[in-house]
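This report refers to the structure that appears directly beneath it.
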Amino acid sequence: MHWIWSRMNVVGTFALTLLAIMATVVHFSVLFHKADPQVQLKLNSIDKFRQLHTMDGGTREQAQLTLDVDADVRTAFTWNTKQLYVFVAAEYSTPERPSNKVILWDEVLNSKEEGLFRLRARRSDYPLVDPYNGLKGNDVKLTFGYCVMPYNGNIFVNTTASHVVTFPTEYI
């Protein structure tokens, strides 16, 4: 009776050790992969740019943007990639907040075949909202980024393309 439990302990420990070694090798193998996604990003138009009044008596600015994106992110996929999270973000600074980043559009890609896509006159999924009214006449940098979500290992976040837009000085 004591003999069977000892054997099971040895086999289980050996299997878990091999599994840990394989996971470590998988984790370090993707560190040397260099992805080179080709992305072109530009602002098609600013559909709405207005000031909203909040229920507490304050105001905030809101903009709805239309984007053009040509992307080939297939090189970001490896044999360890479970999915890719791609996004377009707006980055800008105001006197109250020196660093602002707002996601405008995002998508989850589950296969390498989905990594080649073109968006024409695509309205942003989320509006650009600034609670401190700092968008009027301000420069906004649009960036395309992606997060590699592996089966095993760290999540990598990269940005590739950018486009700078100056917002109008009047509301549309």
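The values are calculated or read from the model by the stated rules, or taken from the named source; none is laboratory data. Keep in mind that this is a model prediction, so the values were computed, not measured. Using ideal geometry, Cβ is built from the backbone for each residue, glycine included, and neighbour counts are taken over all protein chains shown. Please note that ligands, DNA and RNA were not included when accessible areas were found on the heavy atoms of the full protein model with its side chains. Shrake-Rupley method; radii C 1.70, N 1.55, O 1.52, S 1.80 Å.
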TODO: Be a star and scan the range 134-172 for residues whose amide nitrogen sits under 17 Å from the point 7 Å along the Cα-to-Cβ vector of Leu31.
DONE: 150-157
Open item on the list: Binning at 10 angstrom from zero up to the longest distance, how are the C-alpha pair distances of the range 65-115 distributed in percent?
Closed with: 21, 39, 26, 12, 1
Open item on the list: Residue by residue through the range 155-172, what is 3J(HN,Hα) from phi via Karplus (6.51 cos²θ - 1.76 cosθ + 1.60, θ = phi - 60°)? Round to whole Hz and write x for glycine and proline.
Closed with: 8, 9, 10, 9, 10, 10, 10, 9, 8, 9, 10, 9, 6, x, 8, 10, 6, 9
- [ ] From the C-alpha gyration tensor of the range 16-93, pull out the three semi-axes of the equivalent ellipsoid (sqrt of 5λ each), sorted largest to smallest, in whole Å.
- [x] 42, 20, 9
TODO: Please determine, in degrees from 0 to 90 and to the nearest 10, the orientation of helix 2-29 with respect to the longest principal axis defined by the Cα atoms of the chain, where the helix direction is its Cα long axis.
DONE: 40 degrees
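If you count, for each residue, the other Cβ atoms within 10 Å and average over each peptide, how do 78-91, 13-26 line up from highest to lowest? Numbers along the way, then the final one.
On the way: 78-91: 18.0, 13-26: 10.8.
So the peptides 78-91, 13-26, ranked by packing, come out 78-91, 13-26.
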TODO: Give the calculated FRET efficiency between Thr159 and Ile4 to the nearest 0.05, with a Förster radius of 41 Å applied to their Cβ-Cβ distance.
DONE: 0.15
Task: Convex hull volume per residue in cubic angstrom - Cα atoms of the range 1-47 - done: 120 Å³
- [ ] Using the Karplus curve 6.51 cos²θ - 1.76 cosθ + 1.60 with θ = phi - 60°, work out ³J(HN,Hα) for each residue of the range 109-122 in order, rounded to whole Hz, and write x for Gly and Pro.
- [x] 9, 9, 9, 5, 5, 6, x, 10, 8, 9, 10, 10, 6, 8
TODO: Please report how far the C-alpha centroid of the range 9-63 lies from that of the range 133-171, rounded to the nearest whole angstrom.
DONE: 13 Å
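Give me the 1.4 Å probe accessible area per residue for the range 69-172, excluding ligands and nucleic acids, in Å². All intermediate terms of the calculation are to be shown ahead of the outcome.
Values: 5540 Å² over 104 residues.
Here the residues of the range 69-172 average 53 Å² of exposed surface.
Within the set of other residues whose C-beta is less than 13 Å from the C-beta of Lys141, count the net charge using Lys and Arg as +1 and Asp and Glu as -1. Provide the component values of the computation, followed by the final result.
Values: positive: Lys42, Lys101; negative: Glu91, Asp139.
With Lys, Arg at +1 and Asp, Glu at -1, the net is 0.
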Open item on the list: I'm spelling it out carefully: the read-out is P(r) over Cα pairs in 5 Å bins from 0, in percent, the candidates are (1) 1, 8, 13, 13, 12, 12, 12, 11, 8, 5, 3, 1, 0; (2) 1, 7, 14, 15, 12, 10, 9, 8, 6, 4, 3, 3, 2, 2, 1, 0, 0; (3) 1, 8, 13, 15, 15, 11, 7, 4, 3, 3, 3, 3, 3, 3, 2, 2, 1, 0, 0, 0, and one was derived from this structure. Which label?
Closed with: (2)
Task: Theoretical FRET efficiency, 1/(1+(r/R0)^6), r = Cβ-Cβ of Ile21 and Val129, R0 41 Å, to 0.05 - done: 0.25
TODO: Provide, as a two-decimal number, the C-alpha radius of gyration of the range 118-172 over 2.2 N^0.38 Å, N being how many residues it has.
DONE: 1.54
Open item on the list: I'd like the carbon and sulfur percentage of the solvent accessible area for the chain, probe radius 1.4 Å, heavy atoms only, ligands and nucleic acids excluded.
Closed with: 57 percent
